[in-house]
Amino acid sequence: MSAQPAYKRILLKLSGEALMGELGFGISPPVTSFLANEIKAVVEAGVQVALVVGGGNIFRGEPLAKAGMDRITGDQMGMLATVINALALQDAIERSTGLQARVQSAIRINEVCEDFIRRKAVRHLEKGRVVVFAAGTGNPFFTTDSAAALRAIEIGADLMLKATKVDGIYTADPKKDPAATRYDTVTYDEALSRRLGVMDQTAMVLCRDNKMKLCVYDMDRPGALMKIVMGDRSFGTYVDA
């Protein structure tokens, strides 16, 4: 592990469910405060940090679409849920750490946050601000995994991280299959062909074709994010082209 960060700019993808903690719904303040302090340590080490957050802790459009709701309407409602989560993260980061944070939305909602403008986002990062990207891609039928891959490529991130509840990618669900083994590294083609469920296929193909490195790691492990950005590859599973 090097004394200097191994990456200058990262994008961290959080699911909405990750913000629930022990709750069955909504946002857990202890979880957002924990994440804020993990991010603070990384920023103070000289790493620029952007976030993409989902909305599944508040609303998921796909199940309602299967129950009869218009899919586009459901997805638009899901985009609004991600804005709520992004604002919660912005508040936690600024209140708990003293860092500055900006929310940029893919849909126009100027009374509460900025529009997504790539150059402006990069400028915020260069000034040491944390940027939280909300509302997915702004389009229905695209997941927040795809939005994270797209934003990571657009801002020129050196590494995209996906925070999960397990410490990497396994051959099978480790909670269901005790014999499942963890990959240290895997290629995007292997992840796609083996249907490992890392991210949706659109996101993985975007990352593969644009040579975006991905690390899947356990977000609940204190200090893991810092170890990863400092180059310690014993945490998580790495995916590349």
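The values are calculated or read from the model by the stated rules, or taken from the named source; none is laboratory data. This structure is a prediction, so every number in the text was calculated from the model and none was measured. Note that we place each Cβ from the backbone using ideal geometry, even for glycine, and neighbour counts take in every protein chain shown.
From the list ARG71, ARG102, ARG95, ARG108, which one is within 21 Å of ALA152 (Cα to Cα) and either β-branched (Val, Ile, Thr) or surrounded by fewer than 17 Cβ atoms within 10 Å (Cβ to Cβ) (or both)? Testing whether each residue is within 21 Å of ALA152 (Cα to Cα) and either β-branched (Val, Ile, Thr) or surrounded by fewer than 17 Cβ atoms within 10 Å (Cβ to Cβ) (or both) leaves just ARG108. Where helices (runs of 4 or more DSSP H) sit wholly within the stretch 1-106, those with at least 2 residues that are among the charged types (D, E, K, R), in contact with a helix residue (DSSP H, G or I) (Cβ under 7 Å, 6 or more places away or on another chain) and touching a residue at least 12 places away in the same chain (Cβ under 8 Å) occupy 29-44, 71-97. Tallying residues that are touching a residue at least 12 places away in the same chain (Cβ under 8 Å), out of contact with any Lys or Arg (no Cβ under 8 Å at 6 or more places or on another chain) and under 27 Å from GLY21 (Cα atoms) within the stretch 183-203 yields 4. Using the structure shown, decide if GLY16 is within 18 Å of the chain's Cα centre (by Cα), of a type outside the set (S, T, N, Q) and buried (at least 16 other Cβ atoms within 10 Å of the Cβ). Yes; evaluated as a whole, the condition is true for this residue. The lone criterion from (1) assigned to a loop (DSSP other than H, G, I, E, B); (2) free of Cβ contacts under 8 Å to residues at least 24 places away in the same chain; (3) surrounded by 13 or more Cβ atoms within 10 Å (Cβ to Cβ) left unmet by VAL166 is number (2). Looking only at the stretch 63-110, residues that are over 23 Å from THR32 (Cα atoms) and not small (Gly, Ala, Ser) come to 13 in all. Looking only at the stretch 184-197, decide whether some residue is buried (at least 21 other Cβ atoms within 10 Å of the Cβ), modelled with pLDDT under 95 and over 22 Å from GLY231 (Cβ atoms). Yes, the stretch 184-197 contains at least one residue that is buried (at least 21 other Cβ atoms within 10 Å of the Cβ), modelled with pLDDT under 95 and over 22 Å from GLY231 (Cβ atoms).
Residues of the stretch 111-135 that are out of contact with any Leu (no Cβ under 9 Å at 6 or more places or on another chain) and either part of a helix (DSSP H, G or I) or surrounded by 18 or more Cβ atoms within 10 Å (Cβ to Cβ) (or both): PHE116, ARG118, ARG119, LYS120, ALA121, VAL122, ARG123, HIS124, LEU125, GLU126. Scanning the stretch 1-50 for residues that are of a type outside the set (Gly, Ala, Ser) and either under 21 Å from ARG233 (Cα atoms) or in contact with a Cys (Cβ under 6 Å, 6 or more places away or on another chain) (or both) yields a count of 21.
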